[in-house]
Amino acid sequence: MGFKIQKTNIGLYLIKPDLYPDPRGFFSEVYKKSSFPGFPDFPQDNLSFSKRGVIRGLHYQVGPSAQGKLVRAVTGRVYDVAVDVREGSGTLGKWEAYELSPDGFSVYIPPGFAHGFQALEEGTAVLYKVTAEYDKNAERGIRYDDPDLGIPWPIKEAVVSDKDRGWPRLRDAELMRPRGEIGGRRKPMKIIVTGGLGFIGSNFIRYWLSSYPRDSVVNVDAMTYAADPDNLAGLKGDYAFVKADINDSEVMLRLAKDADAIVNFAAESHVDRSISDSFPFLHSNVMGVHSLLEVVRRTGVRFHQISTDEVYGSLPLEGSKKFDEGSPYNPRNPYSATKAAADFLVRAYHNTYRLPVTISNCSNNFGPYQHPEKLIPKTVVNALSGKKVPVYGDGKQVRDWIYVEDHCSAIDLILRKGEPGETYLVSAGNEKHNVDVVRQVLSLLGKGEEAMEFVPDRPGHDVRYALDASKLMAMGWKPRFSFDEALRLTVEHYVENYERYARKAGLMRFWR
Ligand code: NAD
């Protein structure tokens, strides 16, 4: 049994299943996953039953919950219409209509088309499978009788709901930025990464361009002390760098106009620095995010905010309690207070302006290209320089560690499947005492406890962080790297590039 699939002029797919008639009627397989290679999954099926003349539509969903629809008449005939509402598409505003019937074909309407139909017979049942679940906030529509479209609905005495009569005309409607095509070959996207010369941002750019070589990345970074262009040395792909502060709305607006997404890593990120001078933290982490949200408000570009587990405050050292997406915020140092403020702004902008924004709060990252002021690179650099590795207090603080590449794959999934306005916690579940991480790094370097030195604790030092990432895991994410394997790779990177990191740490005088 098979299907004949034909692409139409505006990019719909007409699908004719094989039909097996016999004196009893007919049999037909109308959908089979293996016969539709490259089509997305369909997590929701809808069935509508309509009187003759009823028009439903024209509907579509914007943002990550944009829907592809596989539409089939189960009883009766329908006049099925799809209108191209993709911004910048060569066929924007063009529409096609097909008559569907139980023994005829189905139509697959990719994301980016408004869809509607009219029932041509009494008791018409239409079954449509959709590639994203219904999302009230993302739902949009255009008027079925928009004169600019001039759709000749066959039955003039149309029955239309008040809701469907209330949609704007196409010229006033919110257009769709295409996010995906079938066949796994979606249109190339332009992603703006902010703070991409820092640790996680640079890893993310490497990850993105190697995962999606047809995409382009624009990296906007103010080049603070934490930026290092060497983090992207040898990068391949369509990449551009713009030196700018995220507070520079003019630059950001210009770049965002034709971008598909902004992923914001730009921040002051070191807790110790926030304790000695918090002003730059307010500037980048709060004002900067506010400026970006204003750009999002004006362009409608998809926005993802990179945040931290530290916004939730500290857990008791003993016990297995973890933070989840509903946990109250309780930031306990200036750095986490600014990150919390940013998260609240993102949430508020979603609630107020319905912006296509998401947040991820991730646990402690480790991996290549981190600044040597942070625990793991500092341990390697100090140990190799013959300088003691400082451990705060008794070193019993617990951090939840994740390899940076696993963080990047989580962001990737959220960008593709995250729901606007939602928060996702990212954790690989590797809870470790700081002192044990230092010990393990030293042992990989062939060194022992004598390389450590316990120093007075940081004021307000949080005791334990731990996150429950089950919401993200339910969407299909899981970390690929074990802690031990990832730590070995990380230490190897810092050993191989020791000179560079020692220079950054101001430790070259210890070089031997
Ligand atoms: P980083 O300090 O290594 O890099 C930050 C980058 O942002 C730097 O290149 C810097 O020049 C740039 N930047 C700072 N202010 C800017 C501004 N106003 N405009 C433009 N660029 C600016 O930080 P990181 O460790 O890579 O962290 C990246 C993000 O991830 C931060 O938002 C941080 O809060 C978050 N985060 C980090 C961790 C972690 O373990 N490192 C964990 C969870 C969340």
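The values are calculated or read from the model by the stated rules, or taken from the named source; none is laboratory data. Nothing here was measured: the structure is a model prediction, and the numbers come from that model. Cβ sites come from the backbone with ideal geometry, for glycine too, and all protein chains shown count toward neighbours.
Here's the yes/no breakdown for (1) in a loop (DSSP other than H, G, I, E, B); (2) surrounded by 19 or more Cβ atoms within 10 Å (Cβ to Cβ); (3) not basic (Lys, Arg):
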site: Lys16; (1), (2), (3): no, no, no
site: Glu29; (1), (2), (3): yes, no, yes
site: Asp41; (1), (2), (3): yes, no, yes
site: Phe49; (1), (2), (3): no, no, yes
site: Ile55; (1), (2), (3): no, yes, yes
site: Tyr60; (1), (2), (3): no, yes, yes
Across region 249-264, what is the number of residues that are more than 15 Å from Arg297 (Cβ to Cβ) and among the β-branched types (Val, Ile, Thr)? 2
Odd one out for Val391, checked against (1) closer than 20 Å to Ile306 by Cβ; (2) in a strand (DSSP E or B): (1)
For region 385-402, state whether one or more residues are within 16 Å of the ligand (Cβ to nearest atom), within 30 Å of Asn137 (Cβ to Cβ), in contact (Cβ under 8 Å) with a residue 24 or more places away in the chain and in contact with a Pro (Cβ under 6 Å, 6 or more places away or on another chain). no
How many residues does region 348-382 contain that are farther than 16 Å from Gly63 by Cβ, part of a helix (DSSP H, G or I) and either in contact with a helix residue (DSSP H, G or I) (Cβ under 7 Å, 6 or more places away or on another chain) or among the charged types (D, E, K, R) (or both)? 7
Looking at region 208-222 only, could you name the residues that are assigned to a strand (DSSP E or B) and of a type in the set (Gly, Ala, Ser)? Ser216
Name the one entry in His407, His433 that is touching a strand residue (DSSP E or B) at 6+ places or on another chain (Cβ under 9 Å) and surrounded by fewer than 19 Cβ atoms within 10 Å (Cβ to Cβ). His433
Selection from region 236-262 of residues that are buried (at least 20 other Cβ atoms within 10 Å of the Cβ), under 18 Å from Gly198 (Cα atoms) and either of a type in the set (Ser, Thr, Tyr) or more than 9 Å from the ligand (Cβ to nearest atom) (or both): Ile262
Step by step: first the residues of region 390-422, then only those that are of a type in the set (Val, Ile, Thr) and within 15 Å of the chain's Cα centre (by Cα), then the one that is nearest to Thr490 (Cα to Cα). Which residue is that? Ile411
Close pairs (8 angstrom Cβ cut-off, 6 or more residues apart or separate chains): at negative phi in region 159-176, among the acidic types (Asp, Glu) anywhere: Arg169/Asp146; Arg169/Asp148; Leu170/Asp146; Leu170/Asp148; Arg171/Asp148; Leu175/Glu87; Met176/Glu87
Please work out if Ala428 is part of a loop (DSSP other than H, G, I, E, B), under 26 Å from Ser314 (Cα atoms) and either modelled with pLDDT of 95 or more or not basic (Lys, Arg) (or both). yes
Step by step: first the residues of region 245-296, then only those that are of a type in the set (Ser, Thr, Tyr) and farther than 21 Å from Tyr353 by Cβ, then the one that is farthest from the chain's Cα centre (by Cα). Which residue is that? Ser276
Scan region 217-239 and report the pairs whose first residue is more than 26 Å from Glu250 (Cα to Cα) and whose second residue is near the ligand (Cβ under 8 Å from one of its atoms) and not in a loop (DSSP other than H, G, I, E, B), with Cβ atoms within less than 6 Å and a gap of 6+ or a chain change. Asn231/Ser202
Take region 343-371 and flag every residue that is among the hydrophobic types (A, V, I, L, M, F, W, C) and either away from the ligand (no atom under 16 Å from the Cβ) or touching a Ser or Thr at 6+ places or on another chain (Cβ under 7 Å) (or both). Ala348, Leu355, Ile359, Cys362, Phe366
For Ala233, indicate whether it is closer than 28 Å to Ser274 by Cβ, hydrophobic (A, V, I, L, M, F, W, C) and within 16 Å of the ligand (Cβ to nearest atom). no
Please indicate, with yes or no, whether at least one residue in region 245-260 is assigned to a helix (DSSP H, G or I) and farther than 21 Å from Met189 by Cβ. yes
On the basis of being out of contact with any Asp or Glu (no Cβ under 6 Å at 6 or more places or on another chain), away from the ligand (no atom under 13 Å from the Cβ) and closer than 17 Å to Val346 by Cα, does Leu317 make the cut? no
